[in-house]
Structure formats: structure tokens, C-alpha cells
Amino acid sequence: MKQKVVIRAVVSHRGRVLLLRRHGGRPEIAGLYELPGGSLHVHEQPVDALKRSLQIHAGIEPDTFRLRDVTSFIDTDDRELQYVFIVYEVGLIGGNPHVTMDDEYDHYVWKALQNIQRNLVTNSTAILLNLGSEQNNSSDLILDLSKSDEKNTTFVIHSDGGSRGNPGPSASAYIIMDNKNNVVAQGGKFLGRNNSGMAEYVGVELALTRALELGIQNIEFYSDNLMVVNQMNGLFSIKNNEYRSIHDRIMRLLPQFRRVIFRHVHREYNRMADALVNKVLDENEQQV
């Protein structure tokens, strides 16, 4: 699978965000607004790439940078292309910013988030700003994604894996939820004697496999394992050959979804999946 790393900036001024309108480009994005930024060049640092892109495309001088998000998803127009977006919140030098665009853009606006119309921005911008994320109420028994609006539903998945001893008795677990924190599906698996890294990866694979069975197409995936999240987002290479096979299997699952976003959360925000891992371990630990 091909991969493209893109750096974007959330440039705010007086409570409004800067958006640039594309002049030309692919039919899917031509005439739509997006966050300023650009592609990451080989051997280039993300902040340096963002400085360069903001100067070229908007004529503005960034002053401060704060990492906001790292996320990835599959391009719906090219299932073999994975986009990795690194998003920064950017402060500008001086008070009133003056924007000057290059040939790639023909208009700019400053918009409050609540006033940004979903149909006027690119899909990536809508995802990065969490615009128009539609969710529904579902259950494991009556999940129905046959209607067009339900096919665009975004579900939340939390997964976890653990090992008592590392290596030692290990287990993986996942929970799939709707927007009201109703559990759509959950599951766990005892892995016998294994290590925590493998358990984390198995949790991801189990969750995505179950999501496919349910017909889910859009996922926000949360894990408290930074290594796994960064490797799934393509930011870390896989140096441990033990994980390469399962990572490849997961990557072959991703094109079957419309969109999967991997995000890192601290452990305290992953307690339900963690508790399920410990439940599986408590029930099976004697087997090792």
C-alpha cells in the first residue's frame, strides 16, 4: 500500500480558522476549502514542512506550533493509498494576519468551526476538524447499515492487550460503541504465553474483523499503545519481525473500510477495554 504524509495547520485568529479554496486539482477536491499545509518531503521534519507550505501557499509566518493530532485514513478514490495527516495548531507572528495565495488557491476565508459547511470543504478537512460526523444508535443484534445515512455512521473502537509477565499469560480485547457510548459489540481472546506488543496488535485485528462482520465502514480507533498507533499511522517502522505478519494482515483489512482513523489515548481513557483484557486473563491464566 502506498502512503502519503501530509502536514496541515489549524491557524486561528479571533476564534476563526483559516481555510483556503483549491484552484483546480482532482475533481473530488477542486473548488473546495481545506486547511493550509502540504506534503512532507523526504528527510524533512514536519514543522519545517509546515513552515515552508504556509509561506508558499498563504504567505504567512508561523510563530508557534503545538501538535494537535496524528491520524490516517484510506483514500476512497484510491484504496491502495493511505494518507497520514500530522496536524498542528499554529500561532502567527504579528497581530492581524495578511494572507497571500499562490496558484494552487483562489480564495480564503476565516470561519468559526460551527459555521463551516461540510459540503464546502474537502473530506480530509472535515475529518481533521470533526465536521459532520454522523452516528447512530445500534446494537449487536439489530445493527442495520443498509440505509445511505447509516453507511456514513462513524463508530468508536477501543482495543487493548496485556501480558502478565511479558512474556506471560496474555489476552486481547475490544469494544465497539456508538455515539451514546452504547456497546455495539465486544470480545476478547486468550493468547496463552505471549508478550504485550503482540496482544495489542491482536486486539486491533480482532476489532477490525468484527467491524467488517457488522458492516461498519467508518471507524475512530483508540488505543493506549503509542507504538501500535504510530506504526498503524506509518510514523514508526516495524523493527520487530514478530509483529510484521499481523501488521500486514491488518493493513490488508483497511482497504475494506471507507475510513479508519487511529488515535492514541492515555490508559485512563481506555479502561473498558483494559478491564475486559483483565477479565479474560483472570478466567484463563491458570491454563499457562
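The values are calculated or read from the model by the stated rules, or taken from the named source; none is laboratory data. Keep in mind it's a predicted model, so treat the numbers as computed, not measured. Methodologically, a virtual Cβ is constructed for each residue, glycine included, from the backbone with ideal geometry; neighbour enumeration extends over all protein chains shown. Just so you know, the surface numbers come from the protein's heavy atoms only, side chains and all, with ligands and any DNA or RNA stripped out. Shrake-Rupley method; radii C 1.70, N 1.55, O 1.52, S 1.80 Å.
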Measuring from the lowest to the highest alpha carbon on each principal axis, how far does segment 167-288 reach, largest first, in angstroms? 41, 36, 27
Extended-chain gain in nm, criterion 0.36 nm per residue less alpha-carbon gap, residue 275 and residue 252: 5.4 nm
Find, among the GluC sites (Glu not before Pro) in segment 25-129, those assigned to loop by DSSP (not H, G, I, E, B) with at most 11 other beta-carbon atoms within 10 angstrom. 28
Please compute the per residue accessible area over the chain with all protein chains in place, 1.4 Å probe, rounded to a whole number of Å². 49 Å²
Quick calc, the chain, dipole around Cα centre from Cβ unit charges on Lys, Arg (+) and Asp, Glu (-), nearest 20 debye, gives 140 debye
Report the gain in length on full extension from residue 266 to residue 3: 0.36 nm times residue separation, minus Cα-Cα distance, nm rounded to one decimal. 92.0 nm
Taking 45 Å as R0, compute the FRET efficiency from the Cβ-Cβ separation of residue 13 and residue 166 and round it to 0.05. 0.40
With loop defined by DSSP as not H, G, I, E or B, and exposure as at most 13 other Cβ atoms within 10 Å, which is the longest segment of the chain clear of exposed trypsin sites (Lys or Arg not before Pro)? 15-146
Size of the dipole of segment 15-81 about the Cα centre, Lys and Arg at +1 and Asp and Glu at -1 on the beta carbon, nothing else charged, in debye to 20? 300 debye
With -39,500 (n - 2.57) per DSSP H segment of 4 or more residues and division by the full residue count of the chain, the 222 nm estimate, nearest 500 deg cm²/dmol, is -8000 deg cm²/dmol
Among the complete DSSP H segments of the chain, which ones combine at least 15 Å of alpha-carbon extent along their axis with a mean Kyte-Doolittle hydropathy of 0.5 or more? 196-214
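Classify segment 28-91 as rounded, prolate or oblate from the Cα gyration tensor: take a ≥ b ≥ c as the square roots of its eigenvalues, call it rounded if a/c is under 1.5, otherwise prolate when a/b beats b/c and oblate if not.
Prolate, since a/c reaches 1.5 and a/b exceeds b/c.
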Please report the carbon-and-sulfur percent of the accessible area for segment 180-288; probe 1.4 Å, protein heavy atoms only, DNA, RNA and ligands left out. 45 percent
For segment 14-88, the accessible surface attributable to carbon and sulfur atoms (probe 1.4 angstrom, ligands and nucleic acids excluded) amounts in percent to 48 percent
Decide, for segment 189-248, between rounded, prolate and oblate: order the square roots of the alpha carbon gyration tensor eigenvalues as a ≥ b ≥ c, take rounded if a/c falls under 1.5, and otherwise choose prolate if a/b is larger than b/c, else oblate. oblate
Largest-first principal axis extents of the Cα set of the chain (Å): 67, 43, 34
